[in-house]
Structure formats: structure tokens, C-alpha cells
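Each remark here refers to the structure printed beneath this line.
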Amino acid sequence: MLLMSYYLKVLIGSIILLFIYEGIACPYTFVYKVVVDNKTFITASHLSIDSFLMYNGGKDIIKKIKILDIYDDNDFNKAIDDYELRPSNFREVPHEKANDNNTNFAPFIWWR
């Protein structure tokens with residue numbers, strides 16, 4: 001019984017540390033300009049540029065990505081208001097062509 005309560009305390013402590021780590025891992029809000037095959041849009045995210053790229057399909061989906069602005073984590077709503085991204089955190093802008101000769105190819109893996 002004592003051993004079980006020890007493991008329970010370790011489990012609960014690990015979960016708490018995980019939540020704390022996730023909360024401080026990326027304390028910024030990024031505003032991205034994203035180019036895909038048929039559209040260019042602006043969006044805001046808490047994910048860093050590498051995480052955003054891999055989470056949303058890698059280089060085979062996202063042809064070009066650029067950070068437009070960086071806000072504090074608390075200013076997510078301010079970023080959305082400043083870039084007029086309401087109501088869906090998305091605003092389409094005039095499409096720009098991306099270079100298809102991408103040498104830094106990171107293919108999307110379906111199980112991510």
C-alpha cells in the first residue's frame with residue numbers, strides 16, 4: 001500500500017510538472033504569414049515556427065512561412081485584433097507564389 005501511494009505521488013507530481021512545462025514552454029504568440037499551393041493567409045499561434053510547420057503538414061503542405069510579429073503569451077487577443085483575424089483566427093491575403101525548388105524538404109508524416 002505504501003509503495004502504491006509513492007507511485008501515485010510521483011505520477012501526480014509528474015503531471016503537475018508537465019502542465020507547468022507546457023505553460024512556460026512557449027510564452028509567446030506568433031503571427032504568421034503562410035503560403036500554401038493555392039492561397040496565402042495570416043494566422044496567430046502559440047506554436048513556435050518549427051512546431052507550427054510540422055503540426056500543419058510540413059514543407060509539402062506549407063510552401064513558405066514568415067513570422068510577421070511576436071506578442072507576449074497574454075496578448076493573443078491583441079494579436080488577433082491587430083491583424084483583423086476574427087472570428088476564425090484566419091485572414092486571407094493576396095496570394096503569392098512560393099518557390100517549388102525547396103531543398104529543405106521535410107515531408108509530412110501522417111501519424112503526427
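I'm checking my understanding of the structure. Among residues of the range 43-67 that are open to solvent by 60 Å² or more (accessible area, probe 1.4 Å) and part of a strand (DSSP E or B), which one is farthest from V31 (Cα to Cα)? Don't jump to the end; show me each part of the working.
Of all residues in the range 43-67, those open to solvent by 60 Å² or more (accessible area, probe 1.4 Å) come to 46-47, 50, 55-56, 61, 64, 66-67.
Imposing the further condition that a residue be part of a strand (DSSP E or B) reduces the set to 64, 66-67.
Numbers: K64: 14, K66: 8, I67: 6 Å.
Only one residue fits best here, namely K64.
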* Pairs where the first residue, in the range 39-60, is within 16 Å of D73 (Cα to Cα) and the second is open to solvent by less than 40 Å² (accessible area, probe 1.4 Å) and part of a helix (DSSP H, G or I), C-beta under 6 Å, 6+ apart -> A44/A79; A44/I80; S45/F52
* For the range 32-65, what are the residues that are over 19 Å from P94 (Cβ atoms) and of a type in the set (V, I, T)? -> I49, I61
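The values are calculated or read from the model by the stated rules, or taken from the named source; none is laboratory data. The structure displayed is predicted, hence computed values, not measured ones. Because the Cβ atoms are built from the backbone with ideal geometry, glycine has one as well, and the counts that use them run over all protein chains shown. Just so you know, the surface numbers come from the protein's heavy atoms only, side chains and all, with ligands and any DNA or RNA stripped out. Shrake-Rupley method; radii C 1.70, N 1.55, O 1.52, S 1.80 Å.
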